[in-house]
1. For residue 115, work out the one condition from (1) in a loop (DSSP other than H, G, I, E, B); (2) of a type in the set (Asp, Glu); (3) open to solvent by 60 Å² or more (accessible area, probe 1.4 Å) it doesn't fulfil.
2. Restricting attention to segment 161-184, which residues are touching a His at 6+ places or on another chain (Cβ under 9 Å) and free of Cβ contacts under 8 Å to residues at least 40 places away in the same chain?
3. From the list 244, 207, 188, exactly one residue is assigned to a loop (DSSP other than H, G, I, E, B) and either of a type in the set (Ser, Thr, Tyr) or farther than 26 Å from residue 107 by Cα (or both). Which is it?
4. Does any residue in segment 119-131 that is modelled with pLDDT of 95 or more and among the β-branched types (Val, Ile, Thr) come within less than 9 Å, Cβ to Cβ, of a residue that is assigned to a strand (DSSP E or B) and surrounded by 15 or more Cβ atoms within 10 Å (Cβ to Cβ) six or more places away or on a different chain, and which pairs are these?
5. Which pairs do you get when a residue that is closer than 11 Å to residue 84 by Cβ and in contact (Cβ under 8 Å) with a residue 12 or more places away in the chain, found in segment 40-64, comes within reach of a residue that is of a type in the set (Ser, Thr, Tyr) and open to solvent by 10 Å² or more (accessible area, probe 1.4 Å), reach meaning Cβ atoms under 8 angstrom, with the pair 6+ apart or on two chains?
6. Open to solvent by 10 Å² or more (accessible area, probe 1.4 Å) and either assigned to a helix (DSSP H, G or I) or modelled with pLDDT of 95 or more (or both), is that true of residue 197?
7. Filter segment 125-154 for residues that are within 19 Å of residue 54 (Cβ to Cβ) and within 16 Å of the chain's Cα centre (by Cα); which is surrounded by the most Cβ atoms within 10 Å (Cβ to Cβ)?
8. For the subset of segment 78-100 comprising residues that are part of a loop (DSSP other than H, G, I, E, B) and either among the hydrophobic types (A, V, I, L, M, F, W, C) or free of Cβ contacts under 8 Å to residues at least 24 places away in the same chain (or both), which member is farthest from residue 176 (Cα to Cα)?
Amino acid sequence: MKKILLPIIFGLLTSCGQTKASDNTYETDTFLTPNGKTIRIHALTHASIRIEFDGKEIEIDPVSKYNNQVIDYASFPKADFIFVTHEHFDHLDSNAIAALSKSGTQLITNRRCADILGYGTVMSNGDRMVLTDWLTVEAVPAYNTTEGHLQFHPRGRDNGFVLTIDGMRIYIAGDTEDIPEMAGIKDIDIAFLPCNQPYTMTQEQCIRAARTISPKVLFPYHYGKTDVSGLPAQLKNDGVEVRIRHYE
């Protein structure tokens, strides 16, 4: 399938210190879908992402507190869909999920998180679900490959997610290294790739993953104290626009 060239604009709001939803200081990028509708992606913290589309709310790995950043999810609009990649404290937060939930909120996660929470729609690697006429999700593998790190994210347990929102394909990798299965992840418009060892990828692995997936736009995330400032220059000749947002 040929890649869709998307008109892209973005708004940038800078946050520092402790940040709350009411401050309206989260960095936000705005995209147009192939059908001309608006998607807004908010960089919240670490691995937490908020997506707005056509009056609908999608939350990825919502976590109320990470390092010095506090998110008041009770002040957010309630979520229509919540996706949780895996069980670690910086991805799974039952209080944040409760604050975002309303009647009809759908939580999509892996088996381990559903067991911990006592509910949730379970997806395993390779599963695909049509959630609405505008949203489809594919669960893809996310795991470690480096010896000595395999215990952090064992193969087959955790998910990455590919969301297709009104024709726009967004890959949220979760916690993973540059695994062979990425070669099968195609036609990605926007990718979120983690970049911090020992838990996810080195900068070199992140560059290889970006070249394999070839997204139109790459957001490095889950990078902790890793210096990702060199990624735009490394990928400038690969047709990948790198946008660095302050997730920490």
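The values are calculated or read from the model by the stated rules, or taken from the named source; none is laboratory data. Keep in mind the model is a prediction, meaning the values are calculated, not measured. Cβ atoms come from the backbone with ideal geometry, glycine included; neighbour counts cover every protein chain shown. Keep in mind that these areas ignore ligands, DNA and RNA; they rest on the heavy atoms of the full protein, side chains included. Shrake-Rupley method; radii C 1.70, N 1.55, O 1.52, S 1.80 Å.
1. (1)
2. Matches in segment 161-184: 173, 176, 177.
3. Numbers: 207 fails: assigned to a loop (DSSP other than H, G, I, E, B); 188 fails: either of a type in the set (Ser, Thr, Tyr) or farther than 26 Å from residue 107 by Cα (or both).
244 is the lone residue from the list that is assigned to a loop (DSSP other than H, G, I, E, B) and either of a type in the set (Ser, Thr, Tyr) or farther than 26 Å from residue 107 by Cα (or both).
4. Here the result reads 121/106; 121/107; 121/108; 121/109; 122/108; 122/109; 130/136; 130/137, each pair linking segment 119-131 to a residue that is assigned to a strand (DSSP E or B) and surrounded by 15 or more Cβ atoms within 10 Å (Cβ to Cβ).
5. 48/66
6. Details: open to solvent by 10 Å² or more (accessible area, probe 1.4 Å): yes; either assigned to a helix (DSSP H, G or I) or modelled with pLDDT of 95 or more (or both): no.
Against the criterion (open to solvent by 10 Å² or more (accessible area, probe 1.4 Å) and either assigned to a helix (DSSP H, G or I) or modelled with pLDDT of 95 or more (or both)), residue 197 does not qualify.
7. 137
8. Pass one, segment 78-100, residues part of a loop (DSSP other than H, G, I, E, B): 78-80, 84-93.
Those still in the list that are either among the hydrophobic types (A, V, I, L, M, F, W, C) or free of Cβ contacts under 8 Å to residues at least 24 places away in the same chain (or both) too: 79, 84, 89, 92.
Working: 79: 26, 84: 14, 89: 16, 92: 16 Å.
Filtering segment 78-100 for residues that are part of a loop (DSSP other than H, G, I, E, B) and either among the hydrophobic types (A, V, I, L, M, F, W, C) or free of Cβ contacts under 8 Å to residues at least 24 places away in the same chain (or both), the one farthest from residue 176 (Cα to Cα) comes out as 79.
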